[in-house]
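Participant: Below you'll find the structure I mean.
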Amino acid sequence: MVDGHGPNVETLWVIGLFALAYMAGVFRKVSRHRLDLYDFMMLSTVALVPVAFAYFPGLAAWMAKITGVEFPFVVMFGLLFVAVFIFNHNLIGRVHKLERENRTLIQETSLLRMDIDNRRKKNDAGEGE
Amino acid sequence: MKDGPRTLVILPCYNEQHSIGGVLDEVAAAGFECDTLVVDDGSQDKTYEVARAKSFCVRLSSNLGIGGAVQTGFKYGVRRDYNVCIQIDGDGQHPPDQIQILLEKYTATGANIVIGSRYLLNDTFRSTRLRRAGSVVIAAVMKVLFGGLRVTDPTSGMRLMDQKAMRLFALNYPADFPEPISLAWAACRGLRIKEVPVQMRARTHGRSSILGIGSVAYMIRVLGYMILARLTMRPFRQEDSLW
């Protein structure tokens with residue numbers, strides 16, 4: 001798995017353990033319904049991409065070659081950036097959608113409450129008479 | 001005004017307990033037939049209690065900003081089938097006796113939106129120099145983008161809207177800096193916009209939310225939204241409305 005130019009065994013252990021610990025932490029949040037599976041998948045790329053590059057240096061070198069980049073780690077950071085960007089992009093869209101829905105909900109419940117208050121007021125006045 | 005349009009005056013408020021009562025008294029004393037709706041935008045003071053004693057009042061459970069508050073008023077107006085609504089500030093900057101001028105312009109021209117302008121005549125409170133410069137820039141860009149639309153006071157919060165404009169804005173209204181952006185939207189959707197000179201007063205309580213570096217951000221966002229509107233919006237059709 002590791003040729004003369006790849007990372008040493010200690011590095012592989014550190015990266016592997018980090019990936020396992022990190023994904024276990026994220027998965028724990030998924031199991032408690034604080035994140036969903038999509039979040040798990042996107043956040044896991046932070047662990048999986050370095051694992052792929054460390055454990056398969058041939059793949060990393062090949063990707064660097066076809067993209068015309070001198071150092072494989074630049075490709076790795078590029079991939080991580082794309083993953084984070086896509087995740088961020090989707091999150092911004094989701095936040096804005098929730099913001100719009102929240103605004104509408106606040107408006108509608110407030111108008112409804114006003115109607116109920118006015119009817120109650122009218123009924124109370126009617127009973128008073 | 002008994003034969004005039006059914007009119008709703010919308011007063012968005014945030015912590016205006018000291019001024020809203022007086023403004024509502026002035027509306028009542030102005031002598032034209034209208035209903036008033038105070039939209040309390042999640043105030044922490046006694047705005048709601050003061051307003052409710054004199055007017056219909058809707059209390060938003062959370063602060064939505066001026067755009068969300070005014071849009072709530074449009075929704076109320078559309079559902080209760082008002083012919084026109086007039087937006088004035090709850091802080092007393094817009095003297096209610098000027099509403100009559102907006103109504104007369106609406107009756108004479110049949111415009112969808114009538115803006116009360118501080119800048120058409122030189123005899124009223126005209127805000128700071130920086131703000132006036134900002135208004136000039138926004139108005140110039142509007143003129144270029146929207147086929148010669150002439151507006152001198154695009155940031156004025158004193159405006160009349162007919163049913164068509166109310167329906168458009170009840171459906172979708174800008175959350176931030178709504179006055180100039182909503183005008184751009186209206187122009188894109190083919191609504192007719194007119195202006196009329198009105199008197200305004202300096203604010204007596206509270207402070208503006210657009211200050212310092214915020215005014216630069218304001219300009220950038222407003223201009224950006226106007227360009228976006230020009231590029232993406234199509235004329236408004238009745239079936240666009242939910243009501």
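Participant: Taking the range B:60-108 only, how many residues are at the interface with chain A (Cβ under 10 Å from one of its Cβ atoms) and over 10 Å from residue B:8 (Cβ atoms)?
Facilitator: 13
Participant: Any idea which residue in the range B:1-15 is surrounded by the fewest Cβ atoms within 10 Å (Cβ to Cβ), counting only those that are at pLDDT 90 or above and not aliphatic (A, V, I, L, M)?
Facilitator: B:6
Participant: Right, another one. Search the range A:94-122 for residues that are under 28 Å from residue B:53 (Cβ atoms) and pair each with any residue that is of a type in the set (Ser, Thr, Tyr) when their beta-carbon atoms are under 6 Å apart and the residues are at least 6 apart or on different chains.
Facilitator: A:106/B:61; A:106/B:62; A:107/B:72; A:110/B:61
Participant: Among the listed residues A:59, A:111, A:91, which satisfies the condition of being open to solvent by 60 Å² or more (accessible area, probe 1.4 Å), farther than 25 Å from residue A:16 by Cα and among the aliphatic types (A, V, I, L, M)? Working first, answer last.
Facilitator: Working: A:59 fails: farther than 25 Å from residue A:16 by Cα; A:111 fails: open to solvent by 60 Å² or more (accessible area, probe 1.4 Å).
Every option except A:91 fails the conditions.
Participant: Note down all Cβ pairs under 6 Å where the first residue falls in the range B:46-59 and is more than 12 Å from chain A (Cβ to nearest Cβ), the second is in a helix (DSSP H, G or I), and they're at least six residues apart or on different chains.
Facilitator: B:47/B:20; B:50/B:20; B:50/B:21; B:54/B:24
Participant: Could you run through the range B:150-182 and say how many residues are under 10 Å from the mean Cα position of the chain (by Cα) and assigned to a helix (DSSP H, G or I)?
Facilitator: Summing the residues that are under 10 Å from the mean Cα position of the chain (by Cα) and assigned to a helix (DSSP H, G or I) in the range B:150-182 gives 4.
Participant: For residue B:139, all conditions in the list (1) touching a residue at least 60 places away in the same chain (Cβ under 8 Å); (2) outside any loop (DSSP other than H, G, I, E, B); (3) open to solvent by 10 Å² or more (accessible area, probe 1.4 Å) hold save one; what is the number of the exception?
Facilitator: (1)
The values are calculated or read from the model by the stated rules, or taken from the named source; none is laboratory data. Just so it is clear, the model here is predicted, and its values are computed rather than measured. All Cβ positions, even for glycine, are placed from backbone atoms using ideal geometry, and neighbour counts span all protein chains on display. In case anyone asks, the SASA skips ligands and DNA or RNA and just uses the protein heavy atoms, side chains included. Shrake-Rupley method; radii C 1.70, N 1.55, O 1.52, S 1.80 Å.
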